[in-house]
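The block underneath contains the structure these notes are about, expressed in structure tokens.
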There are 4 protein chains.
Amino acid sequence: MVKQMNRVGIIGATGYVAMELVRILAGHSGLKLSLLVSHSQAGSLFSDIYPAFSGVADLVLETLDPDQIAEQCDFAITALPHGVSSEIVPALLDRGLRVIDHSGDFRYRDVSAYEQAYKLKHPRPDLLAEAVYGLPEIYRNSIRSARLVANPGCYPTCSILAVMPLLKAGVLNLDSIIIDAVSGISGAGRKGDTSWSYCETAEGFKAYGVVGHRHTSEIEQEYGLIAGNPTPLTISFTPHLAPMKRGMLATVYADLLPGVETSSLSQYYETAYADEPFVRFLTDSTSPNTLNVTYSNFADVSLHIDSRTNRVKILCAIDNLGKGAAAQAVQSLNIMAGLPETSGLKNAGCLI
Amino acid sequence: MVKQMNRVGIIGATGYVAMELVRILAGHSGLKLSLLVSHSQAGSLFSDIYPAFSGVADLVLETLDPDQIAEQCDFAITALPHGVSSEIVPALLDRGLRVIDHSGDFRYRDVSAYEQAYKLKHPRPDLLAEAVYGLPEIYRNSIRSARLVANPGCYPTCSILAVMPLLKAGVLNLDSIIIDAVSGISGAGRKGDTSWSYCETAEGFKAYGVVGHRHTSEIEQEYGLIAGNPTPLTISFTPHLAPMKRGMLATVYADLLPGVETSSLSQYYETAYADEPFVRFLTDSTSPNTLNVTYSNFADVSLHIDSRTNRVKILCAIDNLGKGAAAQAVQSLNIMAGLPETSGLKNAGCLI
Amino acid sequence: MVKQMNRVGIIGATGYVAMELVRILAGHSGLKLSLLVSHSQAGSLFSDIYPAFSGVADLVLETLDPDQIAEQCDFAITALPHGVSSEIVPALLDRGLRVIDHSGDFRYRDVSAYEQAYKLKHPRPDLLAEAVYGLPEIYRNSIRSARLVANPGCYPTCSILAVMPLLKAGVLNLDSIIIDAVSGISGAGRKGDTSWSYCETAEGFKAYGVVGHRHTSEIEQEYGLIAGNPTPLTISFTPHLAPMKRGMLATVYADLLPGVETSSLSQYYETAYADEPFVRFLTDSTSPNTLNVTYSNFADVSLHIDSRTNRVKILCAIDNLGKGAAAQAVQSLNIMAGLPETSGLKNAGCLI
Amino acid sequence: MVKQMNRVGIIGATGYVAMELVRILAGHSGLKLSLLVSHSQAGSLFSDIYPAFSGVADLVLETLDPDQIAEQCDFAITALPHGVSSEIVPALLDRGLRVIDHSGDFRYRDVSAYEQAYKLKHPRPDLLAEAVYGLPEIYRNSIRSARLVANPGCYPTCSILAVMPLLKAGVLNLDSIIIDAVSGISGAGRKGDTSWSYCETAEGFKAYGVVGHRHTSEIEQEYGLIAGNPTPLTISFTPHLAPMKRGMLATVYADLLPGVETSSLSQYYETAYADEPFVRFLTDSTSPNTLNVTYSNFADVSLHIDSRTNRVKILCAIDNLGKGAAAQAVQSLNIMAGLPETSGLKNAGCLI
């Protein structure tokens, strides 16, 4: 019997990232959602957990069994906590599955950077060399044939897309980069705790993890690689929480190197993103609104030059669950499966 | 040259209903959005008005020209104010277009009921006899061949789906029906006015149009027809506004006729909606949450019997822009075009 | 030494009702917050739990010790779960304290109604005869000298204020009353659970406890008493949850008795509430907006006559934490302490 | 007849700042709200515009008549657009009134900085020398006897309180300061426009005025003065809009000068704010949440040292309508009137 292609399983199927993956895959004509695995909720219907999906995705949640996954899937998307992914992903790779992982476990080139950020010993550092960082705008070609894709963090995704053209152009003072970023509340995951309750979050704004957020080192690694620096850069990063479900905005500040011609800066963006289907560079002096990207895979980017300070400000908006997680994973999956890269992802953001 | 089929134009293309239609049609494989008409914004790109659609739907908004519409479209969806639709729709019908209209202009069987509700003289009362009320759960067969479909109001849609099985079964005291309904703020349309500003609506709840809302008479007409009553029923209807963009919930109260066997009531719903792709009857003593239907065409219905009062309470949740407007129009369009009824509408609601 | 008067202790000091009590008492010139008791958080500062109060109310939370409470307080306000209040309140009364209790434990005249609603055996049914239902608009005189005041539920407060003038006037069909009510999310208390998380409540609307909510019997008791009925009335009551922190709106439907002169109905309200400092009867055909009462002790009421159905619709908005809980308790406390009834409560609602 | 003291009039009485002033003054025991002036709404009751104030502040709005204002008021608070204040304030000063102005018209030392920021010719540059910048934490003594107080902008208030101790200490690289700030939507004023509608703002986040916001020059002036610099500093400032009514958070980044001892930095804050009744320096490694300051006059400040980058991050949260506007004006008014500085302002923020 011919093996059916492009069957996708989601491992860790009850969180918000998994929910968004199911939403996207349910409307995808080239990928088939074939298996949902949830250790804690096995036996329930996915639509018992998320009744919105009743009649749309009524799969039974299964226990975690790598053999069953290998039997029923060609691709596995793991939406598991860090430290758990690194235990389970190897078993899936061993069974021939191609895997996209959502945790931080396979995003690092340097195992010590991982172990410092996550306070964990990595059980399979050998896989770090093989894993491809799943940002198609940089690593498209490697993603195509990858066995293991580490889906980027949400903050790194928008931070990288904001700055990549200028880092490549070599016009920034590499010690000067400051990223002030804001996330919707779903970024915290499915949390039951008064800190995430409606009453104690709605109508409020605050920072969190002001110094030392894990995504800092992930951004620094990729910034260093893009800039051609021998080591990761050192940046300042501050995440904030806004009272909204979805959406993420990074406002990035950087000093221009002396003598840089500011009139050509926007050209670097136009060139870099001319053929990118999901990056929209805003050229008409507007700036991104997260409402233009929510529920989509778009990243909207704008560049602002402040000649008084010789600094640039670059803004990038994404949906933290979209381009920042599930939709980006599907973009990589499309590439891995040889499908059109925009399959299942062509929808606009939702202002209303 | 063979005429290309299933080209759809939207007339009145800058409001929220039109935006939602564009969103749905952009992802629809059997219908092609071929023309957007906006009198006030002609010459702009649709994506200038709604930047979320940049790269997804960049059509130029056109002036209103019935001949051009007839040339470029097979179907026209009019999203125009009442009183305007009744002027423009006839010109479209005359040119051979099949039309779905979103206003109240063609929803009434009795022109006097229309004229009383809308305080307008109807210019083409002859078309009322031809127009089909676009609720597929009742009028599917007539919709199939209709030239003119009057898309139902949002409140009528959820009010009718809530009660239809019991009205048909003849178990309700027809004088006792009370509908208490709640809408998201998009129901008011695209309004620039402090009354609809974030600051004066967020975190607040209120009723409006407490007595005499126009949708009352539309509901009464359809209730009367379903019940087989010689005239419209007389009901109480109170709309409220909740601080949310989308979503609508109707809580309907009705007295049971003496002697009605309550144990069989839920069976009427199961039978009526067994084959309906977009009505989900909740059987496990849960009740609808608008978050399970937003951004979708689903209507979630639950029935609650209060034996102490011999009353039923029926709840129905829809998305006022979805099943209450644009998605329902596409459902009818699918039927008219001979496509699978769920084409382009198979997505789940969005909890997050 | 002369005993210092009007010292107030709050027992159960970490929930939202307690927080609101602290907020009001911190600005009250005639009552002194002298003690905060919290079993679970004893030893912490109140402002550790609620940092908003740092510099305003930095009291240490104490363990529950009736003797200490009696030593440090003249009045105790208990904000405890039902079943707990009925155990603790007697010990406070025994020590000479005057008590306002927020639970359902002392709101019932008939212990069997309590036991049916709360599924608990009442340990001190004898106190039900003594307890005064703390709605000043009805029981002001009894509150003045009461030892034990049972602060009304939020839904009963707005349901009673909505209908009292018409019930007294004897113009309603007593079997026809339907209450459709909506609460802000703080009504559920300080809940850590995904059901109350921002992501799963914001932008959504739903009913809960559709049949059999406990407040039903409390409303029925008071309605019966107001109407001069020998027994509680039988009504329909449906609570809903709107995506907002505070605020409550009841929409009440009732059939008028045959022959009732509708022109005089509003006069019943004007008379009943003419001298009430916290009930605002809206006479200019407007209807209440919860935003006009949030953070205040006001109840806004409007009457709407639907001559087509011979029904009235009455709307009443309160703040569930204000007139629906803490502010109403302070109103009673003012009365008990012989202070001006509006002391500490004269502020407007907060639109913004 | 002895002139009655501390009568306050509000000129420009229908915007949100005026509403907040009325709210505070209605509960103030030492200041009497004696007059409300509104050109556009003269003749209406204030409570017609804001029904929340019915029964609390039912004053009739008056036309603008400087003689009447002088007759009925000792103090005038002007809440007028820039360009209008500078025309009207002189007439009030001439009649012996002491004035607090909310516009930008009297905040600048250097008229050319004003004229560049506001694109207006200043009609009375002579008054700039006399006007006192109304930030009590710096200018308390001058405010005491001032005839004219220029109430600071909201962004400048939180930006200055964030950084003042370090600027005074001389530990910062003055060219390196970056302010990333977020405001609630009320900061835009009472706007009727789809841009400020619920549907197009809720659940979204964006920047605005990315380069060149007017408050930049106001911050630069005060930063320069605090630092003892001969000229204003040059900083980067980016304002953002979060989906909430009230609240403002500034996240300020600055490089430490080489050799600065980071262990003493927090001491500068503790010393500077030890006796300030409205600035709370958070010492326990927490950071500010706007919900702890909304509806209050508090500013919550935290300091975070990032030794990797040798930068500090300082966060400051205020209520843009509170410490950022109306409450701060009342704080100055208390000082001017010789009242306790905290009169009418002692309330906590509102988490819920």
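The values are calculated or read from the model by the stated rules, or taken from the named source; none is laboratory data. None of the values given here were measured: they were computed from a predicted structure. As a convention, Cβ positions derive from the backbone with ideal geometry for all residues, glycine included, and neighbour counts pool all protein chains shown.
Quick notes on this structure:
- Among residues of region A:108-161 being part of a strand (DSSP E or B) and touching a helix residue (DSSP H, G or I) at 6+ places or on another chain (Cβ under 8 Å), the one that is surrounded by the most Cβ atoms within 10 Å (Cβ to Cβ) is A:VAL149.
- Condition check for C:SER103: modelled with pLDDT of 95 or more, polar (S, T, N, Q) and assigned to a helix (DSSP H, G or I): no
- Within region D:282-314, the residues that satisfy the criterion of being within 18 Å of D:LEU135 (Cα to Cα) and aliphatic (A, V, I, L, M) are D:VAL293, D:ALA299, D:VAL301.
- Those residues of region B:86-107 which are closer than 14 Å to B:ALA18 by Cβ and buried (at least 24 other Cβ atoms within 10 Å of the Cβ), in sequence order: B:ILE100, B:ASP101, B:HIS102
- When residues of region B:312-352 are limited to those that are among the basic types (Lys, Arg) and buried (at least 24 other Cβ atoms within 10 Å of the Cβ), the one farthest from B:ARG140 (Cα to Cα): B:LYS313
- Unmet requirement for A:SER266, which otherwise passes all of (1) under 17 Å from the mean Cα position of the chain (by Cα); (2) away from every other protein chain (no Cβ under 12 Å); (3) more than 26 Å from B:LEU321 (Cα to Cα); (4) outside any loop (DSSP other than H, G, I, E, B): (1)
- For region C:236-249, the tally of residues that are touching a helix residue (DSSP H, G or I) at 6+ places or on another chain (Cβ under 6 Å) and either of a type in the set (Phe, Trp, Tyr) or farther than 20 Å from B:THR290 by Cα (or both) stands at 1.
- Check on C:ASN310, polar (S, T, N, Q), more than 8 Å from chain B (Cβ to nearest Cβ) and within 19 Å of the chain's Cα centre (by Cα): no
- Within region D:99-140, the residues that satisfy the criterion of being of a type in the set (Lys, Arg) and under 18 Å from the mean Cα position of the chain (by Cα) are D:ARG107, D:ARG109, D:ARG140.
- For first residues located in region B:174-185 and within 9 Å of chain C (Cβ to nearest Cβ), partners that are part of a strand (DSSP E or B) and of a type in the set (Phe, Trp, Tyr) and lie 6+ apart or on another chain with Cβ distances below 9 Å form the pairs B:SER176/B:TYR253; B:ILE178/B:PHE237; B:ILE178/B:TYR253; B:ILE178/C:TYR253; B:ASP180/B:PHE237; B:ASP180/B:TYR253; B:ASP180/C:TYR253.
- Residue within region A:148-158 that is over 30 Å from A:MET244 (Cα atoms) and touching an Asp or Glu at 6+ places or on another chain (Cβ under 8 Å) present: yes
- Put simply, of D:THR286, D:THR238, D:THR234, D:THR294 the only residue that is surrounded by 21 or more Cβ atoms within 10 Å (Cβ to Cβ), part of a loop (DSSP other than H, G, I, E, B) and either within 12 Å of chain A (Cβ to nearest Cβ) or not hydroxyl-bearing (Ser, Thr, Tyr) (or both) is D:THR294.
- Scanning region D:263-279 for residues that are aliphatic (A, V, I, L, M) and over 16 Å from D:VAL312 (Cα atoms) returns D:ALA272, D:ALA274, D:VAL279.
- Residue that is farthest from C:PRO288 (Cα to Cα), among those in region C:250-270 that are of a type in the set (S, T, N, Q) and in contact with a Ser or Thr (Cβ under 8 Å, 6 or more places away or on another chain): C:THR262
- Checking every residue in region C:219-231 against the condition of being crowded, with 21+ Cβ neighbours inside 10 Å, outside the structural domain of C:ASP110 (by TED's automatic domain parsing) and touching a Gly at 6+ places or on another chain (Cβ under 7 Å) gives zero matches.
- Residue check for B:TYR273: crowded, with 21+ Cβ neighbours inside 10 Å, within 24 Å of B:PRO288 (Cα to Cα), more than 10 Å from chain C (Cβ to nearest Cβ) and not basic (Lys, Arg): no
- Count of residues meeting criterion [in a loop (DSSP other than H, G, I, E, B) and more than 11 Å from every other protein chain (Cβ to nearest Cβ)] in region A:9-26: 2
- Some residue of region D:62-85 being modelled with pLDDT of 95 or more, hydroxyl-bearing (Ser, Thr, Tyr) and either more than 24 Å from the chain's Cα centre (by Cα) or surrounded by fewer than 17 Cβ atoms within 10 Å (Cβ to Cβ) (or both): yes
- Selection of region D:219-230 for residues being out of contact with any Asp or Glu (no Cβ under 8 Å at 6 or more places or on another chain) and under 18 Å from D:ALA254 (Cβ atoms) yields D:ILE219, D:GLU220, D:GLU222, D:TYR223, D:GLY224, D:LEU225, D:ILE226, D:ALA227, D:GLY228, D:ASN229.
- Answer residue from region C:194-231, given it is in contact with a strand residue (DSSP E or B) (Cβ under 7 Å, 6 or more places away or on another chain) and facing chain B (nearest Cβ under 7 Å) and is farthest from B:LEU303 (Cα to Cα) among those: C:GLY204
- Enumeration of residues in region C:48-75 that are outside any loop (DSSP other than H, G, I, E, B), within 11 Å of chain D (Cβ to nearest Cβ) and in contact (Cβ under 8 Å) with a residue 12 or more places away in the chain: C:ILE49, C:PHE53
- Where a residue in region D:136-156 is outside the structural domain of D:LEU241 (by TED's automatic domain parsing) and its partner, wherever it lies, is among the basic types (Lys, Arg) and modelled with pLDDT of 95 or more, with Cβ under 6 Å and at least six apart: D:ARG147/D:ARG98; D:ALA150/D:ARG107
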